[in-house]
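Accompanying notes for the structure given below.
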Amino acid sequence: MAKISIDSGVADFECTDGDTILRAALRSGHGMPYSCNVGSCGNCKFVLVDGEVGHLRSDAPAWSERDMKRKKWLGCQARPKGDCTIKFRADPEYLPPHQPIRRRARLTQSQSITHDIREFRFEADGPDDFRPGQYALLEIPGVEGARAYSMCNLPGEGHWSFQIKKVPGGAATEALFDLEPGSEIGFDGPYSTAYLREDIPRDIILMAGGSGLSPMVSIARGIEAAGLLEDRKVHFFYGCRSKEDLIALAELPTPLSDKITFYAALSENAEAGHRQGFLHDVAANEFGEHLKDHEIYFAGPAVMAAAVQKTAYDLGVPMSQLHFDEFY
Ligand SMILES: Cc1cc2nc3c(=O)[nH]c(=O)nc-3n(C[C@H](O)[C@H](O)[C@H](O)COP(=O)(O)OP(=O)(O)OC[C@H]3O[C@@H](n4cnc5c(N)ncnc54)[C@H](O)[C@@H]3O)c2cc1C
Ligand code: FES
């Protein structure tokens with residue numbers, strides 16, 4: 001156990017063995033900025049004022065030699081080697097609505113959705129408290145490092161479900177798709193600030209690119225469960241390559257309401273009844289300058305997330321109306 005002092009004594013928290021500085025800070029109720037939790041976005045950088053830390057991943061993409069020289073470390077990767085003093089700009093936006101908990105989880109079932117997406121259901125020790133749109137970190141046996149996966153179900157259902165896209169040759173997804181029911185994994189969560197805001201009265205746009213399906217399905221289900229479909233229009237855009245990747249909201253393992261308008265954007269070949277093009281272009285063509293009248297949630301590969309942000313910026317959507325996780 002190490003004591004971590006923030007900003008030379010402004011506050012402190014404890015970091016248990018094996019935990020990282022970011023996750024320990026969030027568990028203790030400190031709003032340390034972050035996004036991916038896996039060393040790729042760089043949002044969690046802090047300055048090490050005193051003490052010694054080591055990184056989980058020495059090859060973390062968001063950490064450079066320049067950072068090392070400036071004593072900057074990634075909170076999601078840094079494990080203290082003793083008591084430390086650190087500096088970062090806390091922001092209440094990052095305070096977790098539910099305390100993230102490290103625990104064990106068991107795979108109970110899995111089911112195919114498309115040729116390369118499966119829905120996995122786990123039961124985990126402790127409460128299943130989270131917000132629609134959030135993710136958990138899964139430690140899969142035999143795989144180095146945890147991977148982030150977003151829940152597709154709702155809290156309080158007694159399980160944690162994830163829609164996961166198989167990456168050819170991917171270490172975690174290859175192992176997950178071979179996992180037998182009853183297998184145990186390490187589990188830590190929930191995380192993410194890209195969760196459903198029920199109190200904002202605007203109509204809602206959900207955009208999922210490929211593997212980004214899971215959190216958008218959870219948010220769509222959260223919207224329905226909260227009764228928001230009574231007075232808000234909800235538009236669900238799904239971006240994929242071709243016909244074989246297509247999904248239908250009514251045919252998901254837990255079907256979504258037919259009050260939600262669905263648009264599929266196929267980047268390779270258009271199919272009858274579906275749009276051709278990239279997700280951000282299809283949404284921009286549909287709404288134009290009215291995009292800014294919506295609360296927008298999106299998830300998917302970093303390149304798609306960057307394109308959606310640029311489109312939203314060009315069409316005058318305030319950043320505060322965008323809620324997203326980039327998948328690395
Ligand atoms: C916030 C977030 C939510 C996500 N939600 C989903 C989801 O709901 N569904 C889905 O299908 N995918 C999701 N992803 C992507 C997912 O986490 C994996 O990146 C993806 O499944 C590929 O993993 P892989 O190991 O099979 O592929 P690989 O190609 O083997 O690994 C790819 C990823 O693992 C990282 N990595 C490599 N080594 C390590 C290590 N030692 N420690 C930690 N990370 C390492 C790489 O930087 C890369 O980002 C999400 C990603 C993020 C960041
Ligand atoms: S690099 Fe740490 S949260 Fe993304």
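The values are calculated or read from the model by the stated rules, or taken from the named source; none is laboratory data. Since we're looking at a predicted model, the values are computed, not measured. Heads up, the Cβs are rebuilt from the backbone with ideal geometry, glycines too, and the neighbour counts pull from every protein chain shown. Just the protein is used for accessible areas: all its heavy atoms, side chains included, with ligands, DNA and RNA removed. Shrake-Rupley method; radii C 1.70, N 1.55, O 1.52, S 1.80 Å.
Here are a few things to note about the model shown:
- Whole-angstrom Cα spans of the chain along principal axes, big to small: 61, 47, 37
- Most fluctuating residue given options 171, 226, 299, as computed from a GNM of the chain linking Cα atoms under 10 Å: 226
- Against the main long axis of the alpha-carbon atoms of the chain, helix 213-225 sits at an angle near 70°.
- Rolling a 1.4 Å probe over the protein heavy atoms gives the chain an accessible area of 45 Å² per residue.
- Principal semi-axes of the equivalent ellipsoid, √(5λ) from the alpha carbon gyration tensor of the stretch 252-309, are 19, 16, 14 Å from largest down.
- Theoretical gain in end-to-end length, residue 67 to residue 83 [0.36 nm per residue, Cα-Cα removed]: 3.7 nm
- Alpha-carbon centroids, the stretch 145-181 and the stretch 187-240: separation in whole Å: 19
- 10 °C / 1.306 mPa s Stokes-Einstein diffusion coefficient of the stretch 203-327, Kirkwood radius on C-alpha pairs, µm²/s: 110
- Where only alpha carbons of the stretch 2-94 are counted, the Rg and the Dmax (Å): 11.7, 32
- Of the whole protein surface, residue 310 contributes about 120 Å² of accessible area at a 1.4 Å probe radius.
- Two-site FRET efficiency, residue 230 against residue 111, from Cβ-Cβ distance with R₀ of 35 Å, rounded to 0.05: 0.70
- Summarised in one figure, the compactness ratio Rg/Rh of the stretch 53-102, Cα atoms and Kirkwood Rh, is 1.00.
- The antiparallel fraction among DSSP beta bridges confined to the chain stands at about 60%.
- Here is the list for the stretch 240-328: GluC sites (Glu not before Pro) lying in DSSP coil, each with at most 14 other C-beta atoms within 10 angstrom of its C-beta, are 268, 271.
- Nearest 10 degrees, 0 to 90: helix 302-314 Cα axis against the chain principal axis: 70
- Potential lengthening between residue 251 and residue 174 on full extension [0.36 nm per residue; Cα-Cα distance subtracted]: 25.2 nm
- Only helices enter the 222 nm calculation for the chain: every DSSP H run of n ≥ 4 contributes -39,500 (n - 2.57), and dividing by all residues gives -4500 deg cm²/dmol, rounded to 500.
- Size descriptors for the stretch 101-191, from the alpha-carbon set: Rg then Dmax equal 12.0, 34 Å.
- Between residue 203 and residue 242, the FRET efficiency from the beta-carbon distance, with R0 = 25 Å, is close to 0.25.
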